[in-house]
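Working notes for the structure below.
No lab work stands behind these numbers, since they all come straight from the coordinates. Remember, it's a predicted structure, so these values are computed and weren't measured experimentally. Using ideal geometry, Cβ is built from the backbone for each residue, glycine included, and neighbour counts are taken over all protein chains shown.
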Amino acid sequence: MACPYIILLACWATLFMGVRGRLGGQPQEEEEDIRRSVCAHFKERPGEHDNSKEMLVYDERGAVAVRCATAADACYSYWTYRRSADNDSEILWLSRGCWDGKYSHCNSSSCVASSPSISNSYFCCCTGSMCNEDVTPATESSPTPAEPPDSDDSENKDELEDYLLVLYVLLTIAFILLVICIAGTALRWRKTKPAPHPTPAEDPPSSPCIDMDSIKFMEIIGQGRFGTAYRAVVQSEEIAVKLFPQHYKSSYQNEKYIYSLPLMEHSNLLSYLGGGECVGPDGNIYYGLVLSYCPNGRLSSYLAENTLSWSTFCQIVLSATRGLAHLHSDIRKGDIIKPCISHRDFNTRNLLLTENLLCVVSDLGFAIHTQGAKYFINGEEQHAETSSLTDVGTLRYMAPEVLEGAVNLRDCEAALKQIDIYALGLVLWECAARCHDLYQGLQTPPYK
């Protein structure tokens, strides 16, 4: 919005400088008054060669004289000779007054005339007050103009050149400012332009490597709000299968949508291997997600049964943080976009441990793809200002603003990220409480 005002300011400055160039600086003129020459004055025709900056005055004898426009101006006389009644030669003044001081041949203090022109007229110029009152014919010829050039034309030309120079500089500055404003506006537009929300591929098949009908369920490894997790085997490979009853189809679709987003692969996230309808251990039809298997189970169970060394503590919390950071990251690789994802139920029950005791983030049933004040469920755009996004999660890990109902839904992306980070802090505290190296030989308190 500031760009038009900058351009208007530049144009106003242009006009101001133009007017100033036309009018000149009056305070400077007043200071130069005492240094401007006074010249004998005569005009054959009133108004001829008048300069508006010259001022008529009277000399000591009461004769009309003129004060020059600038201190650099010289005096000049232009005359001819005629025969008087007694046959003597007398001066006939044609013009006298101020002369442009830029001409070097006017540096003399006396007005010495050149040889006459074809019209038998003489011209001289000099420097100093009233130096053109007395004139002297020259003894040697020197080329001069037959008539004195119009000093007003030279002065006006100089003023015009100065004005055009100022105008050119200011217009150039205005053009540069305009280009900067346009470039800045375009850059802001590109930054704020909503990115096209990524559309995952159509329901991926079970997986080329996994046949849902060939899955052999071994044991239950977790029970959640919307489904049950099983350890299973397919082609002698251990996997995890999360089964959703058919009435929880929307939860299955949302979690599948999140796992199917581009660039979701990360060492601290469960690997998505496929999904679809399958027959459960009880013979009923379920919606199943096939995921990588973590043999050490939930972090909460591990903390309840084991204490941590300092190095293991750092390894666990660092890997958990990396997994959450990947969810929160907006990643772009050419036309492929991984949007920001908020977990919304981050806790030690939803963190699994690999064989090397690295954390893997799991259970994305409540996770949503967010973008400013909008979010997407199953790929469909929603508006956070008209919906409640804070009625999910585990009470123990809820941030104060969630408990108080003070979440800023106008920017749900930032708000939900902050809620996840608060939960991460509690996970860090739980792990630290079971780190025996922090107690210096004291008994480590039990996991709560």
Between LYS43 and LEU187, the FRET efficiency computed from the C-beta separation at R0 = 60 Å comes out, to the nearest 0.05, as 0.40
If amide H atoms are modeled at 1.01 Å from N in the peptide plane, then the residues at a separation of 5 or more from LEU269, or on another chain, having amide H under 5 Å from its own are VAL361
What full-extension length gain, to one decimal in nm, is calculated for SER311 and ALA406 as 0.36 nm per residue of separation minus the Cα-Cα distance?
30.4 nm
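Which of the peptides 173-179, 325-331 is most tightly packed, and how do the rest follow, going by the mean number of other Cβ atoms within 10 Å of each residue? Could the numbers behind the result be given before it?
Details: 173-179: 13.7, 325-331: 15.9.
My ranking of the peptides, most packed first, is 325-331, 173-179.
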Highest to lowest packing among 337-343, 396-402, 82-88, 58-64, scored as the average C-beta count within 10 Å:
337-343, 396-402, 58-64, 82-88
Tail weight of P(r) past 19 Å, computed on alpha-carbon pairs of the stretch 387-446, percent
42
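For the stretch 60-123, rounded, prolate or oblate, judged on the Cα gyration tensor with a ≥ b ≥ c (square roots of eigenvalues), a/c < 1.5 rounded, else prolate if a/b > b/c? Spell out each step's value before the answer.
On the way: a/c = 2.78, a/b = 1.52, b/c = 1.82.
Judged from the Cα gyration tensor, the stretch 60-123 comes out oblate (a/c at least 1.5, b/c at or above a/b).
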Nonlocal amide H pairs with GLN382, under 5 Å, H built at 1.01 Å
TYR375, PHE376, ILE377
I need PHE366, PHE346 ordered by Cβ neighbour count within 10 Å, fewest first.
PHE366, PHE346
Going residue by residue through the stretch 273-286, the Karplus relation 6.51 cos²θ - 1.76 cosθ + 1.60 with θ = phi - 60° gives ³J(HN,Hα) values, rounded to whole Hz and with x marking Gly or Pro, of 10, x, x, x, 6, 8, 8, x, x, 8, x, 8, 8, 10
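Give me the extension gain from ALA85 to SER236: residue separation times 0.36 nm, minus the current Cα-Cα distance, reported in nm with one decimal. Kindly include the intermediate steps, with their values, before the conclusion.
Details: separation 151, 0.36 × 151 = 54.36 nm, distance 14.27 nm.
Contour length minus Cα-Cα distance gives 40.1 nm.
Take the Cβ-Cβ distance between TRP93 and ALA71 as r, set R0 to 22 Å, and report the resulting FRET efficiency rounded to the nearest 0.05. Write out the running numbers ahead of the final one.
On the way: r = 25 Å, r/R0 = 1.15.
After rounding to 0.05, the efficiency reads 0.30.
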I want to check the label-to-label distance for THR321 and THR136. Put each point 7 Å from Cα in the C-beta direction and report it in nm to one decimal.
9.8
Quick check on the stretch 205-293: take the gyration tensor over C-alpha atoms, sort the square-rooted eigenvalues as a ≥ b ≥ c, and tell me if it's rounded (a/c under 1.5), prolate or oblate.
rounded
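Which order do ILE215, ILE180 fall in if you start with the one that has the fewest other Cβ atoms within 10 Å?
On the way: ILE215 22, ILE180 12.
Lowest to highest Cβ neighbour count: ILE180, ILE215.
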R0 = 41 Å: FRET efficiency of LEU263 with ALA304, Cβ-based, nearest 0.05?
0.75
Obtain the radius of gyration and the Kirkwood radius of the stretch 248-361 from its C-alpha atoms and give Rg over Rh.
1.01
Using θ = phi - 60° and the Karplus form 6.51 cos²θ - 1.76 cosθ + 1.60, what ³J(HN,Hα) does each residue of the stretch 248-256 get, whole Hz, x for Gly and Pro?
10, 4, 4, 5, 4, 5, 5, 5, 5
Estimated inter-spin distance, LEU178 and ASN107, nm [label 7 Å along Cα→Cβ]
4.8
